[in-house]
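Here's the structure we're looking at; comments come further down.
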Amino acid sequence: MRIVIIDDSGLRATVLEEGLREAGYDDIHIVPPRGAFVARLERMAPDVVLMDLGSPSRDTLEEMLTVSRALARPIAMFVDQSDDAMIGAAIDAGVSAYVVDGLRKERVKPVLELAVRRFNAFARMQSELDEARTALADRKIVDRAKSILMNQRSLSEQDAYALLRSSAMNQGKKIVEVAQALITASDLLGGGI
Amino acid sequence: MSDVLRVAFLPLTDVAVLAVARERGFAEEEGIFLDLVRTTSWATLRDRLVYGQVQGAQMLAPLAVAVTLGLSQQPAALAAPYKLNVNGNMLVMAPDFAKALEPDIARRLTDPLGTAHDFAAAIGLWRRKPVIGVVHRFSSHAIMLRYWLASAGIDPDRDVVLRVLPPSLTVEAMRAGEIDGFIAGEPWGSAAIEAGLAETVAIGERIWQRGVEKVLAFRQDWLEANPETVDRLLRALARAAAWCDDPAHHEALAVLLSDPRYVDQPAELIFGALSGRISARLGEAPVANPDFMLFAREATAFPWRSQALWIYSQLVRWGMVAHDAETAARAAAVFRPDIFRRALADSGLPMPGASMKLEGAVSAPMPVGAHRGDLTLGPDRFFDGRIFDPERIEDFLRDFAPQR
């Protein structure tokens with residue numbers, strides 16, 4: 001079974017490809033949706049095409065599936081329309097799949113399930129990465145606000161943090177928001193550190 | 001407690017009515033929290049609607065018909081009780097190609113038939129088939145482009161290459177030389193002109209003066225099961241549409257749509273289509289086109305069944321579906337004037353008395369029969385003067401140039 005992954009994100013495609021190889025599929029190709037990707041895809045004659053649901057190039061791909069003479073057999077999205085849970089999971093995970101007519105659903109389902117799991121894992125990885133980045137940026141802001149308080153009001157680091165925290169609680173704001181406001185005010189007053 | 005309604009859209013100027021219903025509180029007044037879901041392809045918008053991830057979608061009118069007829073992946077009966085706008089498309093081509101056309105742009109746009117013939121001649125001068133981007137096989141744009149090309153004897157499937165790509169990728173594709181021009185909703189034509197990559201060749205409004213564009217589509221079963229929510233949403237949209245049509249609001253509307261959550265393009269670019277003043281070529285004064293895009297006036301939002309049938313007639317014409325009475329009836333039933341009437345019965349809006357009309361028969365503003373108030377329909381002529389009688393589809397189809 002030849003599987004083609006169309007994906008902009010090299011990392012996500014690799015994560016998916018590794019998963020498929022581990023599961024014993026070995027005829028896997030990654031095609032980025034750029035330039036003449038449609039012609040490349042036609043030459044490959046895939047059985048299954050996996051694509052990110054969020055890719056703007058889905059309309060281009062579907063048009064090719066409609067008009068291509070090279071792909072004689074019709075290709076449908078999702079192989080078993082009766083499997084609502086599977087389709088829901090795929091859309092939630094952001095997977096779209098095109099499958100050539102005649103491929104048995106038992107053969108396709110594991111591929112799709114694996115794609116859903118890998119897409120979800122990739123999304124989790126991304127959001128953890130984003131969270132980690134945000135946390136780091138927040139910590140830098142809070143650190144800067146603390147040192148402004150320590151310098152200007154001769155507070156210990158612990159007291160500076162306690163002051164930020166109680167101000168945040170009183171105003172119903174996040175500590176990082178109060179810290180940012182303090183930095184802005186301090187910059188405006190020319191008291192930057 | 002308000003109902004949460006998820007509605008999918010694409011970053012285009014004609015998301016205006018939905019965006020305003022949410023941002024100016026019209027939806028909230030009706031107890032609806034509008035959750036607008038931005039998508040980047042029509043395929044994904046369609047899938048989200050068909051598989052129930054959203055309840056409604058800002059959809060290309062022909063795509064709603066095509067999904068219902070089973071022509072675009074998983075078939076599903078869709079229902080469109082409300083048109084979000086008419087007009088708003090523009091065909092732009094690279095300046096190199098446009099050299100072969102009438103150089104005076106105002107004159108070029110006023111004479112679509114002449115321009116179509118110039119275009120046909122220009123194909124011979126071009127060293128290869130021109131590649132024209134369209135946003136979808138089942139788009140108003142593609143149908144209008146085909147109609148216009150064919151009027152000058154150009155076979156859109158043989159003499160040019162139509163390449164499908166989403167609106168947001170059109171400008172990059174022009175820059176990369178992958179396409180020679182494209183037809184799309186605003187602000188994408190204006191964006192290509194602003195970048196010096198293209199100039200206007202035709203304006204949708206000059207091809208069909210009141211061209212059906214985006215509709216609000218639901219799954220039919222969901223629409224039937226939630227009449228009260230649908231009615232409240234339509235009332236909110238009707239008020240939002242009136243707000244959008246008011247010239248005094250166009251600047252604020254352009255700023256609202258420029259937000260990254262919506263169109264994410266500069267407000268000045270978006271303003272052109274709203275105010276009907278399009279810069280058709282970089283560095284030239286804008287061309288006045290007061291009907292470039294309509295949201296509310298002339299009962300714009302009313303889903304005339306004859307318009308669904310006109311779309312159907314074009315799908316038949318290009319061999320995308322075979323004609324029979326039963327299929328035609330299913331296509332017509334996608335547009336739901338009955339729901340529009342039910343929802344807006346007490347709104348004070350003028351309400352057309354009929355559900356079908358001749359399309360392309362009005363050449364000057366014309367008062368028509370309405371259940372309430374005064375309704376004046378704007379001119380809705382096709383540039384070639386053809387008139388579509390929904391009762392006589394076969395005659396209409398027979399009248400077109402040699403069929404394949």
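The values are calculated or read from the model by the stated rules, or taken from the named source; none is laboratory data. All of these numbers come straight from a predicted model, not from anything done at the bench. Methodologically, a virtual Cβ is constructed for each residue, glycine included, from the backbone with ideal geometry; neighbour enumeration extends over all protein chains shown.
In table form, for the structure just shown:
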| quantity | calculated |
| --- | --- |
| Qualifying residue in region B:95-105 (condition: in contact with a Lys or Arg (Cβ under 6 Å, 6 or more places away or on another chain) and assigned to a helix (DSSP H, G or I)) | yes |
| Residue in region B:42-87 that is surrounded by the most Cβ atoms within 10 Å (Cβ to Cβ), counting only those that are more than 14 Å from every other protein chain (Cβ to nearest Cβ) and among the polar types (S, T, N, Q) | B:Asn87 |
| In region A:90-112, the residues that are part of a helix (DSSP H, G or I) and either closer than 19 Å to B:Gln53 by Cβ or basic (Lys, Arg) (or both) | A:Ala90, A:Ile91, A:Asp92, A:Ala93, A:Lys105, A:Arg107, A:Lys109, A:Leu112 |
| A:Thr14 outside any loop (DSSP other than H, G, I, E, B), in the same structural domain as A:Ala89 (by TED's automatic domain parsing), of a type outside the set (A, V, I, L, M) and closer than 21 Å to B:Ser41 by Cα | no |
| Some residue of region A:17-36 being at pLDDT below 90 and farther than 19 Å from B:Glu178 by Cβ | no |
| Candidate set from region B:29-39 (those that are free of Cβ contacts under 8 Å to residues at least 60 places away in the same chain and surrounded by fewer than 21 Cβ atoms within 10 Å (Cβ to Cβ)); member that is farthest from B:Val135 (Cα to Cα) | B:Phe33 |
| Residues that are more than 16 Å from B:Asn89 (Cβ to Cβ), in a loop (DSSP other than H, G, I, E, B) and in contact (Cβ under 8 Å) with a residue 24 or more places away in the chain, drawn from region B:280-304 | B:Arg281, B:Leu282, B:Glu284, B:Ala296, B:Ala301, B:Phe302, B:Pro303, B:Trp304 |
| Odd one out for B:Glu326 among (1) part of a helix (DSSP H, G or I); (2) farther than 27 Å from B:Gln220 by Cβ | (2) |
| Among the residues listed as B:Leu169, B:Leu162, B:Leu197, the single one being out of contact with any His (no Cβ under 6 Å at 6 or more places or on another chain) and part of a helix (DSSP H, G or I) | B:Leu169 |
| Filter result (part of a helix (DSSP H, G or I) and of a type in the set (A, V, I, L, M, F, W, C)) within region B:305-323 | B:Ala308, B:Leu309, B:Trp310, B:Ile311, B:Leu315, B:Val316 |
| Index of the failed condition, A:Ala85 passing every other in (1) more than 9 Å from chain B (Cβ to nearest Cβ); (2) modelled with pLDDT under 85; (3) more than 25 Å from the chain's Cα centre (by Cα) | (3) |
| Unique residue being in contact with a strand residue (DSSP E or B) (Cβ under 7 Å, 6 or more places away or on another chain) and either farther than 26 Å from B:Trp208 by Cβ or of a type in the set (D, E, K, R) (or both) when the list is B:Gly70, B:Gly31, B:Gly88 | B:Gly31 |
| Near pairs, Cβ below 6 angstrom, 6+ apart or cross-chain, from region A:112-135 (in the same structural domain as A:Val49 (by TED's automatic domain parsing)) to any residue that is of a type outside the set (A, V, I, L, M, F, W, C) | A:Leu114/A:Gly19; A:Arg118/A:Gly19; A:Phe119/A:Gly94; A:Phe122/A:Arg12 |
| Region B:179-223, residues that are hydroxyl-bearing (Ser, Thr, Tyr) and in contact with a strand residue (DSSP E or B) (Cβ under 6 Å, 6 or more places away or on another chain) | B:Thr200 |
| Pick from region B:140-157, criterion in a helix (DSSP H, G or I) and aliphatic (A, V, I, L, M), ranking: nearest to the other protein chains (Cβ to nearest Cβ) | B:Ala142 |
| From B:Asp380, B:Asp346, residue being assigned to a loop (DSSP other than H, G, I, E, B), in contact with a Gly (Cβ under 7 Å, 6 or more places away or on another chain) and within 23 Å of B:Ala301 (Cβ to Cβ) | B:Asp380 |
| Among the candidates A:Arg118, A:Arg144, A:Arg165, residue that is under 30 Å from A:Met86 (Cβ atoms), surrounded by 12 or more Cβ atoms within 10 Å (Cβ to Cβ) and among the basic types (Lys, Arg) | A:Arg118 |
| Candidate set: region A:88-132, residues that are under 12 Å from the mean Cα position of the chain (by Cα) and basic (Lys, Arg); chosen: the one nearest to B:Gln73 (Cα to Cα) | A:Arg118 |
| Hits in region B:160-181 (condition: away from chain A (no Cβ under 13 Å) and touching a Gly at 6+ places or on another chain (Cβ under 9 Å)) | B:Met174, B:Asp180, B:Gly181 |
| Count - residues of region A:28-70 that are out of contact with any helix residue (DSSP H, G or I) (no Cβ under 6 Å at 6 or more places or on another chain), facing another protein chain (nearest Cβ under 7 Å) and part of a helix (DSSP H, G or I) | 3 |
| Candidate set: region B:119-139, residues that are farther than 14 Å from B:Gly181 by Cβ and away from every other protein chain (no Cβ under 12 Å); chosen: the one surrounded by the fewest Cβ atoms within 10 Å (Cβ to Cβ) | B:Arg127 |
| From the options B:Ser313, B:Ser363, residue that is of a type in the set (Gly, Ala, Ser), within 19 Å of B:Gln209 (Cα to Cα) and modelled with pLDDT of 95 or more | B:Ser313 |
| B:Ala191 being crowded, with 20+ Cβ neighbours inside 10 Å and either within 13 Å of another protein chain (Cβ to nearest Cβ) or aromatic (Phe, Trp, Tyr) (or both) | no |
| Complete set of residues in region B:253-270 that are buried (at least 22 other Cβ atoms within 10 Å of the Cβ) and assigned to a helix (DSSP H, G or I) | B:Leu253, B:Ala254, B:Leu257, B:Leu269, B:Ile270 |
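Every residue, every condition in (1) part of a helix (DSSP H, G or I); (2) within 24 Å of B:Ala254 (Cβ to Cβ); (3) polar (S, T, N, Q), yes or no:
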| site | (1), (2), (3) |
| --- | --- |
| B:Arg6 | no, no, no |
| B:Val17 | yes, yes, no |
| B:Glu28 | yes, yes, no |
| B:Asp35 | no, yes, no |
| B:Leu45 | yes, yes, no |
| B:Gly52 | no, no, no |
